[in-house]
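Working notes, beginning with the structure itself.
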Amino acid sequence: MDEAVRHYERLGYFYLGKKVGLDTEPENDELLLYKSRDLTTHAAIIGMTGSGKTGLGVSLIEEAAIDNIPALIIDPKGDMGNLLLAFPQLRPEDFAPWLDAAEAERKGCSLEQLAVDTADLWRNGLAQWAQPPERISAFAADRDISIYTPGSSAGRQLSLLAGFDAPPAELIADGDAFAALVKTTVTSLLAFIDVEADPLQSPEYLLLATLFSHFWRNGENLSLEGLIGQVAQPPFRKLGVLPLDSVYPQNKRLELAMRLNNILSNPGFSAWTEGEPLDIGQLLFDAHGKARVTILSIAHLSDNERMFFVTLLLNRFISWMRRQSGSTSLRALLYMDEVFGYVPATANPPSKEPMLLLIKQARAFGVGIVLATQNPVDLDYKGLANIGSWFLGRLQTRQDVERVINGLVSGSENTDRQHYANLLTGLKSRHFLLKNAKDDQPQLFETRWALSYLRGPITRQEIMQLMAGRKEPSAAVTQPAVTALVGQDAPDHAHAPVLSAQIPQLYTSGLATGAVRCYPALYARGEVRFYNQSRAIDQHQAVIRKLDLTPELRQVDWSTAETLESAEQTLLAAPAGARYLPLPSWLSAATSLRDIEKEFADYLYRNSSLPLYRCRTLKLESRPGDSQQDFQLQVAGALREQRDAAVEKLQKSYAAKEDRLQARRERAVIKLEKEQEDVSAKTGDTMINAGLTLVGALFGGKLFSRGSASRAAGTLRSGSRILQEKQDVKRAQEELPRIDGEIAALADQLEEEIDAMGERFAPDSVTVEPFAITPRRGDIRIEELALLWEVAL
């Protein structure tokens, strides 16, 4: 490794730039290495346009990716798409597609020449900051850096309105957190359909909040379609202590249901229900446990749509986070490039509550939150008091400087306020003041050259260009529709088949009116218990299956049944005027469903399992409900914690060795100074004695008296001692370089051992294997088995 690179490529540290003095000039080229663990106390980046805020944010994400730390980026302006413009070869043709012809014209050159100049600029800029092209490869090569565009097909699509998953049990058990989750989910959904709702008075809010609380507390997910049906016919008859119809009459509920239904029926909203699921674990890590950089571009959305998406994302992130184990090391980043309107001091939009909750709780889970903004007034400083690192760049006005100081040194002495004011006034571009709660003093620094090409906001067309060939096939979310194998033109009957009273019959509820048809299916609902005493596992899993029936069906095969996420909303009464599709003959002749119930129980016993994962090396096992990505993230976090602890232990060991060498060096310096003083003093004395002897010999009378001879002999002996002491000085002078060499060798040895630890604790150094817990036969319980008539137009 190059010596310059060795100074910053250290495990657990982010290379962000170089320190500068108070006059903003470089100060002895000392690097600013920011400890990644400090980001678990979160960070804010504040700077006006042109301050270098985007470059600092991009560099921070690059450093995290190099250290295999994933990042989820909310990008309201389009700047963070620059992370995809990382070109290891630094060729002009790499830059050419992203250059502006108008800029070339202004500079009086061709677009080709501008591409050459830009490539040279980036190559030279990286070289000045000792970053070889190989570092770009370390960041970008074989890494999934993707742009998602919710509500649009320009980038990768996310299915946001397909359903509202129940939060984990840990979050439900936290009363305040669960209440906040329900509140922000409902307010953002109502804002999405332009309904202003007061949580204390709005019947729309009260109904939806009660529905979400009801189903989520039972561990049931809610699809948008299911929610529409529940709005029309809720599973309760009271809101609080008052009758439902008094608080929110049925005709008003139908109006709300129709507004929600418009989301599905409007072709413009189809993009909200298509694409990959909003799974935070999958957005952070790929299937092999490698960190992803996921950019969620929302520049194309309206204000209401942005608020809905950000709030939904933050709530999902909280649910994901609460399922993770605790960690003292940084395991993931949530970065928001512009927080204007999302965490304001003077208002309470739906996004504010989950963001503040993340800032309060994410540290315990090893998650770092980074918020960036141009204007200090965008931030609620009281709410963001838990942020540990503030990166402050050039600000717009003196008032902005005062706002920042008020947030940073509230209650401090005036001298502190003036100190910060002096530091913040007149900062150059790419110069930032870092105030880290872990450090005693603030530090001015200049940001390093970004590995990615910073060309400005990425447009919708450019997102399509960047993501061409990188988008996975968009999987449309299956809408609840009749999936019976009988065709629409199959013969039907005006009356329901006559069946045994021992066969329960249900009808799906819905908004269908007029002439409807009833399609037959078997509806089975049960529960499987997974129990393992040694692992302290006692899980109850709800199982719901629907098997479509046709007249030709001869045998029930539960393996072909459809899995339902939540219980169908059903009615006991048949709709008036309905027509019925025919049943299999064996069902028409059956007296009960007891045999089918036994077959279903047997099917669940043979095919049910609780999937788990384990890493024998670390003696870790996943928890029920964790996906493979969740567990790989846990493994990566455990490895990172072990690595950080090992590095810290190693550094302490080497620090003790260095202290001993420094003590030797100090003694050598003292000895050298003493030897030099002795030589200087004795040389003077000898010259005086020699002079006196010479004078006595020449002018004192007798040429060789006994005294003069004695003095002459002493002078010769002193001269001999001077020569000896000069040799001592030379040896002392030679000792210092030897000690300095030992100190340098010790530093090199430390870096080599730390580098080796990176490989030792890499995620691919351990194996993750799946295993499963199966149920006992007595732990299968069938709760409901019925003939279900699906009502459709």
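The values are calculated or read from the model by the stated rules, or taken from the named source; none is laboratory data. Given the structure is predicted, the values throughout are model-derived calculations rather than measurements. Note that we place each Cβ from the backbone using ideal geometry, even for glycine, and neighbour counts take in every protein chain shown. Remember, those area values only see protein heavy atoms, side chains included, never the ligands or the DNA or RNA. Shrake-Rupley method; radii C 1.70, N 1.55, O 1.52, S 1.80 Å.
Assess whether Tyr580 counts as being modelled with pLDDT of 90 or more, touching a strand residue (DSSP E or B) at 6+ places or on another chain (Cβ under 9 Å), of a type in the set (Ser, Thr, Tyr) and surrounded by 16 or more Cβ atoms within 10 Å (Cβ to Cβ). So that I can check it myself, show each step before the final result.
Working: modelled with pLDDT of 90 or more: no; touching a strand residue (DSSP E or B) at 6+ places or on another chain (Cβ under 9 Å): yes; of a type in the set (Ser, Thr, Tyr): yes; surrounded by 16 or more Cβ atoms within 10 Å (Cβ to Cβ): yes.
For Tyr580, the condition - modelled with pLDDT of 90 or more, touching a strand residue (DSSP E or B) at 6+ places or on another chain (Cβ under 9 Å), of a type in the set (Ser, Thr, Tyr) and surrounded by 16 or more Cβ atoms within 10 Å (Cβ to Cβ) - is not met.
Could you please give the count of residues in the stretch 254-276 that are assigned to a loop (DSSP other than H, G, I, E, B) and hydroxyl-bearing (Ser, Thr, Tyr)?
To start, the set of residues in the stretch 254-276 that are assigned to a loop (DSSP other than H, G, I, E, B) comprises 266, 273, 275.
Checking which are hydroxyl-bearing (Ser, Thr, Tyr) leaves us with 273.
Looking only at that region, the number is 1.
Got a number for residues in the stretch 257-284 being within 27 Å of Ala86 (Cα to Cα), in contact with a helix residue (DSSP H, G or I) (Cβ under 6 Å, 6 or more places away or on another chain) and open to solvent by less than 30 Å² (accessible area, probe 1.4 Å)? Full working, then the answer.
Let us first name the residues in the stretch 257-284 that are within 27 Å of Ala86 (Cα to Cα), namely 275-276, 278-284.
Restricting the remaining residues to those that are in contact with a helix residue (DSSP H, G or I) (Cβ under 6 Å, 6 or more places away or on another chain) gives 278, 280-282.
Of the ones still in play, those that are also open to solvent by less than 30 Å² (accessible area, probe 1.4 Å) are 278, 280-281.
Residues meeting the conditions: 3.
With (1) surrounded by fewer than 24 Cβ atoms within 10 Å (Cβ to Cβ); (2) in contact with a Lys or Arg (Cβ under 9 Å, 6 or more places away or on another chain) as the list, and Asp378 as the residue in question, which single condition is left unmet?
Tallying (1) surrounded by fewer than 24 Cβ atoms within 10 Å (Cβ to Cβ); (2) in contact with a Lys or Arg (Cβ under 9 Å, 6 or more places away or on another chain), Asp378 fails exactly one: (2).
Residue-by-condition table, conditions (1) open to solvent by 30 Å² or more (accessible area, probe 1.4 Å); (2) without any contact (Cβ under 8 Å) to a residue 60 or more places away in the chain; (3) over 26 Å from Gln282 (Cα atoms); (4) not in a loop (DSSP other than H, G, I, E, B):
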| residue | (1), (2), (3), (4) |
| --- | --- |
| Ala64 | no, no, no, yes |
| Ile74 | no, no, no, yes |
| Leu90 | no, yes, yes, no |
| Ala102 | yes, yes, yes, yes |
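Please go through the stretch 200-209 and give me each residue that is under 15 Å from Pro234 (Cα atoms) and either open to solvent by 50 Å² or more (accessible area, probe 1.4 Å) or not aromatic (Phe, Trp, Tyr) (or both), ordered by number.
Taking the stretch 200-209 first, the residues under 15 Å from Pro234 (Cα atoms) are 203-209.
Across the stretch 200-209, the qualifying residues are Pro203, Glu204, Leu206, Leu207, Leu208, Ala209.
Can you pull out every residue in the stretch 660-673 that is open to solvent by 60 Å² or more (accessible area, probe 1.4 Å) and more than 12 Å from Ile739 (Cα to Cα)?
Going through the stretch 660-673, the residues open to solvent by 60 Å² or more (accessible area, probe 1.4 Å) turn out to be 660, 662, 664-667, 670-671, 673.
Passing the criteria: Ile670, Lys671, Glu673.
Yes or no: Leu121 touching a residue at least 60 places away in the same chain (Cβ under 8 Å) and either open to solvent by 40 Å² or more (accessible area, probe 1.4 Å) or within 30 Å of Arg316 (Cβ to Cβ) (or both)? Can you show your working first?
Numbers: touching a residue at least 60 places away in the same chain (Cβ under 8 Å): no; either open to solvent by 40 Å² or more (accessible area, probe 1.4 Å) or within 30 Å of Arg316 (Cβ to Cβ) (or both): yes.
When the stated conditions are applied, Leu121 does not pass them.
When you go through Leu200, Leu264, Leu283 one by one, which is the residue that is over 29 Å from Ala154 (Cβ atoms) and of a type outside the set (Ser, Thr, Tyr)? Even if it seems obvious, please write down each step before you answer.
On the way: Leu264 fails: over 29 Å from Ala154 (Cβ atoms); Leu283 fails: over 29 Å from Ala154 (Cβ atoms).
Testing whether each residue is over 29 Å from Ala154 (Cβ atoms) and of a type outside the set (Ser, Thr, Tyr) leaves just Leu200.
Please specify each residue of the stretch 229-248 satisfying the condition of being surrounded by 13 or more Cβ atoms within 10 Å (Cβ to Cβ) and closer than 18 Å to Ser202 by Cα. Can you show your working first?
First pass over the stretch 229-248, keeping only residues surrounded by 13 or more Cβ atoms within 10 Å (Cβ to Cβ): 229-234, 238-239, 244-245, 247-248.
Of everything in the stretch 229-248, those that are surrounded by 13 or more Cβ atoms within 10 Å (Cβ to Cβ) and closer than 18 Å to Ser202 by Cα turn out to be Gln230, Val231, Ala232, Pro234, Lys238, Leu239, Leu244, Asp245, Val247, Tyr248.
Would you mention how many residues in the stretch 604-617 are in a helix (DSSP H, G or I) and of a type in the set (A, V, I, L, M)? Give the steps one after another, and end with the answer.
Taking the stretch 604-617 first, the residues in a helix (DSSP H, G or I) are 604-607.
Narrowing further to those that are of a type in the set (A, V, I, L, M): 604.
Count: 1.
Return a yes/no flag: does the stretch 210-217 have any residue that is more than 22 Å from Met355 (Cα to Cα) and open to solvent by less than 10 Å² (accessible area, probe 1.4 Å).
yes
I'd like the full set of residues that are in a strand (DSSP E or B) and β-branched (Val, Ile, Thr), limited to the stretch 514-535. Lay out the reasoning, then the answer.
Within the stretch 514-535, the first condition is being in a strand (DSSP E or B), and the residues that meet it are 517-532.
The answer is Val528, and nothing else.
Could you run through the stretch 423-437 and say how many residues are surrounded by fewer than 20 Cβ atoms within 10 Å (Cβ to Cβ) and either aromatic (Phe, Trp, Tyr) or at pLDDT below 85 (or both)?
3
Does Glu112 satisfy the criteria of being farther than 26 Å from Arg460 by Cβ, surrounded by fewer than 20 Cβ atoms within 10 Å (Cβ to Cβ) and out of contact with any Asp or Glu (no Cβ under 8 Å at 6 or more places or on another chain)? Give the steps one after another, and end with the answer.
Details: farther than 26 Å from Arg460 by Cβ: yes; surrounded by fewer than 20 Cβ atoms within 10 Å (Cβ to Cβ): yes; out of contact with any Asp or Glu (no Cβ under 8 Å at 6 or more places or on another chain): yes.
Yes.
Quick check on my filter: what residues within the stretch 608-643 are on the phi > 0 side of the Ramachandran plot and either modelled with pLDDT of 85 or more or open to solvent by less than 30 Å² (accessible area, probe 1.4 Å) (or both)?
As a first pass, look at the stretch 608-643 and keep what is on the phi > 0 side of the Ramachandran plot: 619, 625.
Of everything in the stretch 608-643, just one residue is on the phi > 0 side of the Ramachandran plot and either modelled with pLDDT of 85 or more or open to solvent by less than 30 Å² (accessible area, probe 1.4 Å) (or both), namely Lys619.
Which condition from (1) surrounded by 14 or more Cβ atoms within 10 Å (Cβ to Cβ); (2) small (Gly, Ala, Ser); (3) at pLDDT 80 or above is the one that Ala490 breaks?
So Ala490 meets the others, but not (3).
Would it be correct to say that Ile136 is at pLDDT 90 or above, under 27 Å from Ser302 (Cα atoms) and open to solvent by less than 20 Å² (accessible area, probe 1.4 Å)? If you could, list the steps in order and put the result at the bottom.
Details: at pLDDT 90 or above: yes; under 27 Å from Ser302 (Cα atoms): no; open to solvent by less than 20 Å² (accessible area, probe 1.4 Å): yes.
Against the criterion (at pLDDT 90 or above, under 27 Å from Ser302 (Cα atoms) and open to solvent by less than 20 Å² (accessible area, probe 1.4 Å)), Ile136 does not qualify.
Does at least one position in the stretch 285-297 carry a residue that is open to solvent by 10 Å² or more (accessible area, probe 1.4 Å), among the aliphatic types (A, V, I, L, M) and either in contact with a Phe, Trp or Tyr (Cβ under 8 Å, 6 or more places away or on another chain) or in a loop (DSSP other than H, G, I, E, B) (or both)?
yes
Across the stretch 298-321, what is the total count of residues that are assigned to a helix (DSSP H, G or I), out of contact with any Leu (no Cβ under 8 Å at 6 or more places or on another chain) and open to solvent by 10 Å² or more (accessible area, probe 1.4 Å)?
Filtering the stretch 298-321 for residues assigned to a helix (DSSP H, G or I) gives 303-321.
In the following step, the residues that additionally are out of contact with any Leu (no Cβ under 8 Å at 6 or more places or on another chain) were identified as 303-307, 310-311, 320.
Pick out the ones that are also open to solvent by 10 Å² or more (accessible area, probe 1.4 Å) and you get 303-307.
Number of matching residues: 5.
Can you name every residue in the stretch 534-565 that is buried (at least 17 other Cβ atoms within 10 Å of the Cβ) and of a type in the set (D, E, K, R)?
Arg545, Lys546, Asp548
Of everything in the stretch 751-778 that's out of contact with any helix residue (DSSP H, G or I) (no Cβ under 7 Å at 6 or more places or on another chain) and of a type in the set (A, V, I, L, M), which residue is nearest to Val647 (Cα to Cα)?
Ala756
Considering each of Arg781, Arg760 in turn, give the residue that is modelled with pLDDT of 75 or more, within 30 Å of Asp548 (Cα to Cα) and either polar (S, T, N, Q) or open to solvent by 50 Å² or more (accessible area, probe 1.4 Å) (or both).
Details: Arg760 fails: within 30 Å of Asp548 (Cα to Cα).
When all the criteria are applied, what remains is Arg781.
Looking at the stretch 555-563, can you tell me whether even one residue there is modelled with pLDDT of 90 or more, in a helix (DSSP H, G or I) and among the polar types (S, T, N, Q)?
Yes, that holds for at least one residue.
Is one or more of the residues making up the stretch 618-639 touching a residue at least 12 places away in the same chain (Cβ under 8 Å), over 30 Å from Arg545 (Cβ atoms), in contact with a helix residue (DSSP H, G or I) (Cβ under 8 Å, 6 or more places away or on another chain) and part of a loop (DSSP other than H, G, I, E, B)?
Just the residues of the stretch 618-639 that are touching a residue at least 12 places away in the same chain (Cβ under 8 Å), to begin with: 618, 620-639.
From what's left, over 30 Å from Arg545 (Cβ atoms): 618, 620, 632-639.
If we keep only those that are in contact with a helix residue (DSSP H, G or I) (Cβ under 8 Å, 6 or more places away or on another chain) as well, we get 618, 620, 632-633, 635-636, 639.
Filter once more, keeping what is part of a loop (DSSP other than H, G, I, E, B): 618.
Checked against the condition, which is being touching a residue at least 12 places away in the same chain (Cβ under 8 Å), over 30 Å from Arg545 (Cβ atoms), in contact with a helix residue (DSSP H, G or I) (Cβ under 8 Å, 6 or more places away or on another chain) and part of a loop (DSSP other than H, G, I, E, B), the stretch 618-639 yields at least one hit.
Please go through the stretch 213-242 and pick out each residue that is part of a strand (DSSP E or B) and farther than 16 Å from Ile263 by Cα. Spell out the reasoning first.
Kept after step one, since they are part of a strand (DSSP E or B), are these residues of the stretch 213-242: 222-223, 238-239, 242.
Lys238, Leu239, Leu242 - these are the residues of the stretch 213-242 that are part of a strand (DSSP E or B) and farther than 16 Å from Ile263 by Cα.
So which residues in the stretch 493-522 are touching a Pro at 6+ places or on another chain (Cβ under 9 Å), closer than 18 Å to Leu785 by Cα and either aromatic (Phe, Trp, Tyr) or modelled with pLDDT under 60 (or both), if there are any at all?
The one that is touching a Pro at 6+ places or on another chain (Cβ under 9 Å), closer than 18 Å to Leu785 by Cα and either aromatic (Phe, Trp, Tyr) or modelled with pLDDT under 60 (or both): Tyr507.
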